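The values are calculated or read from the model by the stated rules, or taken from the named source; none is laboratory data. Nothing here was measured: the structure is a model prediction, and the numbers come from that model. Heads up, the Cβs are rebuilt from the backbone with ideal geometry, glycines too, and the neighbour counts pull from every protein chain shown. Surface accessibility is based on the protein's heavy atoms, side chains included, excluding ligands, DNA and RNA. Shrake-Rupley method; radii C 1.70, N 1.55, O 1.52, S 1.80 Å.
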Amino acid sequence: MMMAALLLAGCDLVSPDEIVNPNVDESTFLHSDNPMETWVNGTEKEFALHMSDFVELMEILSDNYFNNYTRSSKVFDVPQLLYTDADVTNLQRHVGALREMADYGLTTVAKADAATTDAQRFHLLCIKAYSFVLAGDFFRALPMENGGDAVEWNGQMRKAMEVLDEALPLAQTADDRAFVHTLYARAAHRIGDREQAVAHARQALSASGDLCRQVHFDSKNGVLSGAQEAIWSDWFQPLPRLDFLDPKYFQMSSTDQCPITIAKAEENYLILAEAALAANDLGEAKRQLTALLALVKSRPVQTDINDQLEGRYNGGLKAFPNDPSYRVQASPNDSLRSHLIIDRRPPCLISIPYISGTSVTQAMIDGLDNHDSALELVYLMRQEIFFAEGRRPADLGIRLPLCEVEAANTTNGASYTEAWIPQFVPRNYGLDEFTVDDEAKTVTIAHNMNRIIVENARTSDAAPFE
């Protein structure tokens with residue numbers, strides 16, 4: 001029974017030093033002391049683990065990272081997204097598990113536990129809403145309930161907004177309210193609802209100008225982030241122009257587990273800037289980007305990270321530049337830029353922004369003089385600010401198919417068994433392609449995807465407000 005399995009995970013997190021009885025049934029659990037506290041903790045643990053899986057696989061499925069190792073997916077980089085792929089199936093199951101765990105807590109557990117609080121209901125509603133956000137960002141269509149038909153991605157986002165409406169009155173703090181409004185703005189942005197996105201982005205910033213909501217891991221109790229393992233070790237290599245942001249998840253000691261950010265105030269500024277451009281207000285867009293840059297600069301930076309074992313190759317499939325004297329261009333038609341590759345060779349220690357970072361400067365914002373260049377900058381900042389958070393495939397318009405098992409058990413599933421990969425997305429590893437000129441000490445990225453997003457902004461796959 002899924003409930004029992006998930007329950008045991010939750011119990012183990014709450015009381016790691018106690019013996020967990022594998023024969024505890026549902027009735028015994030519901031009549032135990034504080035079952036809602038146990039259930040919320042278990043659900044939050046599963047949320048963190050599922051987010052780690054999404055981050056690991058979505059980062060490969062983008063121009064952020066290339067899997068230069070034998071572990072993790074070897075086909076998402078292509079991108080090849082088959083409905084028979086176990087990773088596709090697992091990601092879909094994660095969405096369903098979060099939704100069902102939240103629902104079970106909100107109904108069955110809440111009914112059994114008279115001590116259930118609004119704060120606990122709030123946490124479960126936010127996780128439920130986030131499950132629909134994940135479905136809307138990354139899948140063509142998914143069921144919204146066990147045994148239900150597949151509902152397309154935009155319907156998933158609208159459902160997320162409905163659940164967030166339920167959560168908002170239960171928010172306990174200004175940060176809680178900002179979290180709800182930020183998720184609402186994210187969902188509205190994805191479906192192109194500019195009015196709603198702008199309204200909620202403004203309310204989020206009014207409630208908290210520096211929101212940063214994260215999921216956390218716990219090495220002591222075995223709640224480990226697979227995304228950290230892939231990024232901190234030498235599995236994943238960043239596109240060279242993003243080298244200065246890696247590794248976002250690091251270890252200063254052998255037990256460190258970095259959290260994953262799931263919502264932050266930066267998103268609201270990005271939405272407001274993009275909305276201003278859609279309204280042909282370049283001046284307002286620049287004002288929002290200026291405020292955004294100030295926020296990013298205020299975010300913490302971890303210093304003295306020893307990443308000397310990285311090597312940017314270590315016997316992988318291809319070598320990545322590891323010399324800060326190399327300059328990088330985002331495409332053969334872009335200017336060369338310095339300071340994008342950092343020196344992690346011995347004896348160097350590095351510094352990494354671990355909430356948000358960007359290569360964009362105030363001079364770049366001030367110099368914007370037209371809509372397209374400004375929109376390209378917005379998407380560059382989106383890529384850099386959400387780097388290693390699993391967000392990029394949604395901006396590229398890539399959507400996973402409905403998995404084989406689910407397709408066979410829905411009346412309309414056959415319509416969604418092919419992945420959606422926009423025509424403008426390069427195939428055959430093109431998202432990660434670059435060339436190195438060792439004599440000139442230059443790196444040339446094959447495709448500037450932020451410019452390509454702008455060039456395709458009038459399609460249904462990119463730049464939702466255009």
### Message
Within the range 371-390, take every residue that is more than 21 Å from the chain's Cα centre (by Cα) and open to solvent by 10 Å² or more (accessible area, probe 1.4 Å) and give me the one that is farthest from G226 (Cα to Cα).
### Response
H371
### Task
Working only within the range 216-255, note down all residues that are small (G, A, S), surrounded by fewer than 19 Cβ atoms within 10 Å (Cβ to Cβ) and in a helix (DSSP H, G or I).
S219, G226
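Can you give me the number of residues within the range 391-439 that are in contact (Cβ under 8 Å) with a residue 12 or more places away in the chain and open to solvent by 80 Å² or more (accessible area, probe 1.4 Å)? Spell out the reasoning first.
Initially, the range 391-439 is screened for residues in contact (Cβ under 8 Å) with a residue 12 or more places away in the chain, giving 391-407, 409-413, 415-422, 424-434, 436.
Next, from what is left, pick out any that are open to solvent by 80 Å² or more (accessible area, probe 1.4 Å): 404-405, 409, 411, 418, 420, 427-429, 433.
So the count comes out to 10.
Residue-wise test of (1) within 25 Å of N322 (Cβ to Cβ); (2) assigned to a loop (DSSP other than H, G, I, E, B); (3) touching a strand residue (DSSP E or B) at 6+ places or on another chain (Cβ under 8 Å); (4) modelled with pLDDT of 95 or more.
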{"residue": "E384", "(1), (2), (3), (4)": "yes, no, no, yes"}
{"residue": "E389", "(1), (2), (3), (4)": "yes, yes, yes, yes"}
{"residue": "A394", "(1), (2), (3), (4)": "no, no, no, yes"}
{"residue": "V405", "(1), (2), (3), (4)": "no, no, no, no"}
{"residue": "Q423", "(1), (2), (3), (4)": "no, yes, no, yes"}
{"residue": "R427", "(1), (2), (3), (4)": "no, yes, no, yes"}
{"residue": "A457", "(1), (2), (3), (4)": "no, yes, no, yes"}
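Among the aliphatic types (A, V, I, L, M), open to solvent by less than 20 Å² (accessible area, probe 1.4 Å) and not in a loop (DSSP other than H, G, I, E, B): which single residue out of A187, A199 fits that description? Write out each step before concluding.
Numbers: A199 fails: open to solvent by less than 20 Å² (accessible area, probe 1.4 Å).
Answer to the check: A187.
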### Single residue of the range 296-321 satisfying the filter (out of contact with any Gly (no Cβ under 7 Å at 6 or more places or on another chain) and in a helix (DSSP H, G or I)) that is least open to solvent (accessible area, probe 1.4 Å)
S298
### Task
Scan the range 219-248 residue by residue and report those that are in contact with a helix residue (DSSP H, G or I) (Cβ under 7 Å, 6 or more places away or on another chain) and of a type in the set (F, W, Y).
F236
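Take K128 and tell me if it is without any contact (Cβ under 8 Å) to a residue 60 or more places away in the chain, farther than 25 Å from E418 by Cβ, in a helix (DSSP H, G or I) and under 21 Å from the mean Cα position of the chain (by Cα). I'd like the intermediate steps shown before the answer.
Working: without any contact (Cβ under 8 Å) to a residue 60 or more places away in the chain: yes; farther than 25 Å from E418 by Cβ: yes; in a helix (DSSP H, G or I): yes; under 21 Å from the mean Cα position of the chain (by Cα): yes.
It is true that K128 is without any contact (Cβ under 8 Å) to a residue 60 or more places away in the chain, farther than 25 Å from E418 by Cβ, in a helix (DSSP H, G or I) and under 21 Å from the mean Cα position of the chain (by Cα).
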## Note on the structure
For G96, the lone unmet condition from (1) buried (at least 21 other Cβ atoms within 10 Å of the Cβ); (2) in contact with a strand residue (DSSP E or B) (Cβ under 8 Å, 6 or more places away or on another chain) is (1)
### Task
Output the qualifying pairs, or none if there are none: Cβ atoms under 9 angstrom, residues six or more apart or on different chains, first residue in the range 30-44 and closer than 12 Å to T108 by Cβ, second residue among the small types (G, A, S) and surrounded by fewer than 14 Cβ atoms within 10 Å (Cβ to Cβ).
M36/A115
